[in-house]
Amino acid sequence: KQAAMGELAAGVAHEIRNPLNAIGILVQRIQRELVVPKNDPDGEWHKLTGTLRNEISRINSTLEEFLAFSRPTPLKRQIVKISQVFDEIKNLFGTQAENEQKHLNFELTDDPVVLGDHQYLHRALNNLVKNALEATSEGDTIILSAKPKKNGAAVEVQITDSGHGIAPENLNRVFDLFFSDKDHGSGIGLALVHKIINDHEGSIEVFSEIGRGTTFTIILPAARG
């Protein structure tokens, strides 16, 4: 059933992506080749074409997440150092957090390792940090932490933010496919995170208070030495 769903999703994505890429190329040509109107001192022309490119990129990202969710997940298991994934997240989001005057902090205890798919675990944490950045304001803090649990048999990874929080009535729905409390949310990101963690025989929970922030807690089996 999931394989059939994956094939269907791939076909739909292909039919959408081809014209979307063509539109993207046309927008780039418009930006390069058409003359900017003389009566546009505020740069509205570039703002509009820039918005078009951003929206095309957003649709492509949504398609990628939908494909990742729909297809079976063949995990390429290897020893994954959580510290390495944290470094990648820092490189990816550090500048954005700094530009938005938000604090992105990392806390590691005993450099824990798990047996899992590096790419998928990276994607899960990527989605959670991206959500945290969207949920926070200037001066807020996002903390990624990892430590051994259950006498070393498991690893706990937490992503905590001091943002606006999630409404209580939405807490039990945040991992549902296509559910989103954001105006432009696809409702796929957290569902994909949940799927990735489940595929790793792990668990994920969320705790949130309005006005105080949100914590996602992930438990993964530790790599056995």
- Item | Residue within segment 181-191 that is part of a strand (DSSP E or B), under 19 Å from Val85 (Cα atoms) and within 15 Å of the chain's Cα centre (by Cα) present | no
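Give the residues of segment 1-12 that are modelled with pLDDT of 70 or more and in contact with a Leu (Cβ under 8 Å, 6 or more places away or on another chain), sorted by residue number.
Step one: list which residues in segment 1-12 are modelled with pLDDT of 70 or more, which gives 12.
Passing the criteria: none in range.
Across segment 96-130, what is the total count of residues that are free of Cβ contacts under 8 Å to residues at least 12 places away in the same chain and closer than 19 Å to Thr160 by Cα?
Within segment 96-130, the first condition is being free of Cβ contacts under 8 Å to residues at least 12 places away in the same chain, and the residues that meet it are 98-99.
If we keep only those that are closer than 19 Å to Thr160 by Cα as well, we get 98.
Matching residues across segment 96-130 total 1.
Go through the residues of segment 38-51 one by one and say whether even a single one is surrounded by 15 or more Cβ atoms within 10 Å (Cβ to Cβ), modelled with pLDDT under 85 and in contact with an Asp or Glu (Cβ under 6 Å, 6 or more places away or on another chain). Let's see the steps before the verdict.
Step one: filter segment 38-51 for residues surrounded by 15 or more Cβ atoms within 10 Å (Cβ to Cβ), giving 45, 49.
Then drop every residue that is not modelled with pLDDT under 85, which leaves 45, 49.
Then keep just the ones that are in contact with an Asp or Glu (Cβ under 6 Å, 6 or more places away or on another chain); that gives none.
Looking for residues that are surrounded by 15 or more Cβ atoms within 10 Å (Cβ to Cβ), modelled with pLDDT under 85 and in contact with an Asp or Glu (Cβ under 6 Å, 6 or more places away or on another chain), one finds none in segment 38-51, hence no.
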- Query: If you scan segment 160-202, which residues turn out to be modelled with pLDDT of 85 or more and among the basic types (Lys, Arg)?
  - Reply: Arg173, Lys195
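The values are calculated or read from the model by the stated rules, or taken from the named source; none is laboratory data. No experiment lies behind these values; they were computed from the predicted model shown. Here the Cβ is made from the backbone with ideal geometry for all residues, glycine too, and neighbour counts use every protein chain on show.
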